[in-house]
């Protein structure tokens with residue numbers, strides 16, 4: 001048994017399938033299957049129950065091993081964090097740059113937990129679109145970035161961190177309201193509200209639609225807006241339909257101010273990334289934050305991972 005096998009088991013259950021876990025971990029599906037098989041052979045038990053046309057489920061032994069895996073990984077990463085924080089990181093200034101979704105909906109909670117452990121470390125965070133975050137990192141204006149698109153830039157390392165899902169939001173009195181799914185053909189008749197071109201959300205949507213041979217019609221775009229909150233407000237005012245993170249839409253949806261649905265046959269799940277210059281990761285303060293963020297992922301898996309995966 002090794003940590004990679006435990007990480008694989010956790011990833012399979014968080015992502016919902018072997019193929020999704022393979023994408024999240026950046027390895028092939030056969031490699032994921034081999035890791036599970038070796039773990040099952042070593043323990044002498046069945047961990048996963050595979051059913052035709054049904055989601056994977058855990059065998060009773062798998063439930064115990066999954067709990068062990070999560071606890072072990074959390075302890076290992078806590079040890080890494082403790083060792084890193086032993087390198088004179090009792091105080092200092094950590095500069096973060098984040099795109100809208102992680103900056104507004106994920107990092108505040110993480111930073112509260114980080115500050116509780118490191119009360120004398122000051123944190124400065126700016127929120128902008130993904131392209132601007134990466135530009136700030138390259139200009140040495142930030143230590144670590146968190147973004148919603150895998151935009152490779154020479155000199156930067158992007159590391160998969162959490163999973164998210166982009167959904168379609170519509171006004172509560174819209175004909176789509178009350179439905180769980182819409183088709184791409186139906187979308188082409190709607191007034192569209194889009195994020196700006198540097199946005200990770202927009203890039204994710206355009207890439208997912210391109211994968212099924214569809215492009216957003218320019219003549220249907222009513223507004224291009226610079227933040228997720230602006231999209232949500234415009235939708236609630238009945239100005240059109242838009243794409244946002246499921247995390248961002250939770251409060252407005254629960255309050256009945258808008259309705260959420262998915263597009264049939266379009267995979268709008270995406271990854272969020274930690275981004276940094278490799279040389280910056282050698283700084284004890286930056287290394288401490290990165291280790292904490294990785295550990296936080298295992299202790300607090302993204303809420304979007306529990307959403308409907310059909």
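For region 40-70, name all the residues that are surrounded by fewer than 13 Cβ atoms within 10 Å (Cβ to Cβ) and part of a helix (DSSP H, G or I). The answer is 41, 42, 60, 67.
Restricting 141, 196 to those that are surrounded by fewer than 16 Cβ atoms within 10 Å (Cβ to Cβ), in contact with a strand residue (DSSP E or B) (Cβ under 8 Å, 6 or more places away or on another chain) and assigned by TED's automatic domain parsing to the domain that holds residue 97 reduces the list to 141.
Out of all the residues in region 10-31, which are out of contact with any helix residue (DSSP H, G or I) (no Cβ under 6 Å at 6 or more places or on another chain), assigned to a helix (DSSP H, G or I) and within 11 Å of residue 160 (Cβ to Cβ)? Selection gives 23 alone.
Condition check ((1) buried (at least 22 other Cβ atoms within 10 Å of the Cβ); (2) closer than 22 Å to residue 159 by Cα) across all residues:
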{"site": "225", "(1), (2)": "no, no"}
{"site": "239", "(1), (2)": "no, no"}
{"site": "245", "(1), (2)": "yes, yes"}
{"site": "259", "(1), (2)": "yes, no"}
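Return yes when residue 131 is outside any strand (DSSP E or B), surrounded by 18 or more Cβ atoms within 10 Å (Cβ to Cβ) and touching a residue at least 12 places away in the same chain (Cβ under 8 Å) and no when it is not. It would help to see each step written out before you state the result.
On the way: outside any strand (DSSP E or B): yes; surrounded by 18 or more Cβ atoms within 10 Å (Cβ to Cβ): yes; touching a residue at least 12 places away in the same chain (Cβ under 8 Å): yes.
Criteria met by residue 131.
For region 266-287, the set of residues classified as in contact with a strand residue (DSSP E or B) (Cβ under 9 Å, 6 or more places away or on another chain) and either closer than 30 Å to residue 237 by Cα or in a strand (DSSP E or B) (or both) consists of 268, 269, 270, 271, 272, 273, 274, 275, 276, listed by residue number. Beta carbons closer than 6 Å, at least 6 apart along the sequence or on distinct chains, pair a first residue in region 283-295 that is over 15 Å from residue 120 (Cα atoms) with a second that is at pLDDT 90 or above for 292/114. Inspect region 292-302 for any residue being modelled with pLDDT of 90 or more and either touching a strand residue (DSSP E or B) at 6+ places or on another chain (Cβ under 8 Å) or more than 17 Å from residue 102 (Cα to Cα) (or both) and give the result as yes or no. For region 292-302, residues modelled with pLDDT of 90 or more and either touching a strand residue (DSSP E or B) at 6+ places or on another chain (Cβ under 8 Å) or more than 17 Å from residue 102 (Cα to Cα) (or both): present.
Exactly one residue out of 146, 133, 170, 166 is within 22 Å of the chain's Cα centre (by Cα) and over 23 Å from residue 23 (Cα atoms): that is 133. Inside region 24-39, residues that are buried (at least 19 other Cβ atoms within 10 Å of the Cβ) and free of Cβ contacts under 8 Å to residues at least 24 places away in the same chain make up a count of 0.
Those residues that are part of a loop (DSSP other than H, G, I, E, B) and free of Cβ contacts under 8 Å to residues at least 24 places away in the same chain, I need them from region 90-128; list them, please.
Just the residues of region 90-128 that are part of a loop (DSSP other than H, G, I, E, B), to begin with: 90-91, 99, 118-120, 128.
The answer is 119, and nothing else.
For region 166-185, the criterion of a residue being surrounded by 14 or more Cβ atoms within 10 Å (Cβ to Cβ) and under 20 Å from residue 128 (Cβ atoms) is satisfied by at least one position.
The values are calculated or read from the model by the stated rules, or taken from the named source; none is laboratory data. The model shown is predicted, which means the values in this text are computed figures rather than measured ones. With ideal geometry, Cβ positions are generated from the backbone for all residues, glycine too; neighbour counts draw on all protein chains shown.
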